[in-house]
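*Asks:* Mind looking over this structure? Questions follow.
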Amino acid sequence: MKYYEELKPRNNNESTGRKPGTYEWFHIQDNVAYYKDFEKPKIVWGNLALHSQFSIVDSGYYINAPSAFIATDNYYLLAVLNSKVADYYIKQLGVSRSGGYFEYKPMFVEKLPIPFITSDLEREFKTIILEITELKKNNQNTDALEIKVDQMVNKLFHLLPDEIEIVANSFKD
């Protein structure tokens, strides 16, 4: 009751306080049915970046807005999301901001088609991504492994040489 005035629902004419609604003053005003997903391992990314920057965060860690996430620790999905072809595809759907930054909104990311693969190939992706992660922790070069991942993803999308060149050229600027 100590916070009733600050927490009571407001009408549309008031400029302060919580948003209008039919909830009780002590209820959370938004749907939080997915709150347990915050406690799971997740693929996260920043809202605004020059290029894709997807990363896996272990369970027990939380992210803040405007970061988005997918509740999974699937390294294959992480590899695809960080690939050049995925970055190219997602950028075709959205809008660039000042300085070449791009908004990686979930509404763009979720449109990326993810090819189905065998469990053996999924393990291969995970092995490579974990190796890249370890090398980066030690400030070692990962270019060759990242190129290998891009080539593997390109193959999954059945890209032709000229399509691969279009994607590669889009990263030269």
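*Asks:* Filter the stretch 161-173 down to residues that are in a loop (DSSP other than H, G, I, E, B) and surrounded by 10 or more Cβ atoms within 10 Å (Cβ to Cβ), then give me how many there are.
*Replies:* 2
*Asks:* Sticking with this structure for a sec: Here is a list: E110, E163, E131, E122. Which entry is in contact with a Leu (Cβ under 7 Å, 6 or more places away or on another chain) and not basic (K, R)?
*Replies:* Step by step, each of E110, E163, E131, E122 is checked, and only E131 is in contact with a Leu (Cβ under 7 Å, 6 or more places away or on another chain) and not basic (K, R).
*Asks:* In addition: Look through the stretch 69-107, keep the residues that are under 12 Å from the mean Cα position of the chain (by Cα) and among the small types (G, A, S), and return whichever of them is modelled with the lowest pLDDT.
*Replies:* Going through the qualifying residues, I end up with A71.
*Asks:* Of the residues V95, V109, V80, which single one is among the β-branched types (V, I, T), surrounded by fewer than 16 Cβ atoms within 10 Å (Cβ to Cβ) and under 30 Å from A33 (Cβ atoms)?
*Replies:* After applying the criteria, what remains is V95.
*Asks:* Report yes if I63 is crowded, with 16+ Cβ neighbours inside 10 Å, without any contact (Cβ under 8 Å) to a residue 40 or more places away in the chain and either outside any loop (DSSP other than H, G, I, E, B) or not charged (D, E, K, R) (or both), otherwise no.
*Replies:* No.
*Asks:* While we're on this one: Out of D120, D150, which single residue is touching a Ser or Thr at 6+ places or on another chain (Cβ under 6 Å) and at pLDDT 95 or above?
*Replies:* Answer to the check: D150.
*Asks:* Moving on. Between residues in the stretch 146-169 that are touching a residue at least 40 places away in the same chain (Cβ under 8 Å) and residues that are of a type in the set (K, R) and assigned to a helix (DSSP H, G or I), which pairs lie under 6 Å by C-beta distance while being six or more apart or on different chains?
*Replies:* Close Cβ pairs satisfying both conditions: D150/K84; V167/K84.
*Asks:* Looking at (1) free of Cβ contacts under 8 Å to residues at least 12 places away in the same chain; (2) outside any helix (DSSP H, G or I), find the lone condition where T133 falls short.
*Replies:* (2)
*Asks:* Restricting the search to the stretch 136-154, which residues are exposed (fewer than 11 other Cβ atoms within 10 Å of the Cβ) and either charged (D, E, K, R) or part of a helix (DSSP H, G or I) (or both)?
*Replies:* Selection gives K137, D143, A144.
The values are calculated or read from the model by the stated rules, or taken from the named source; none is laboratory data. If you're wondering where the values come from, they're calculated on a predicted model, not measured in any experiment. Every residue, glycine among them, receives a Cβ derived from its backbone with ideal geometry; neighbour counts consider all protein chains shown.
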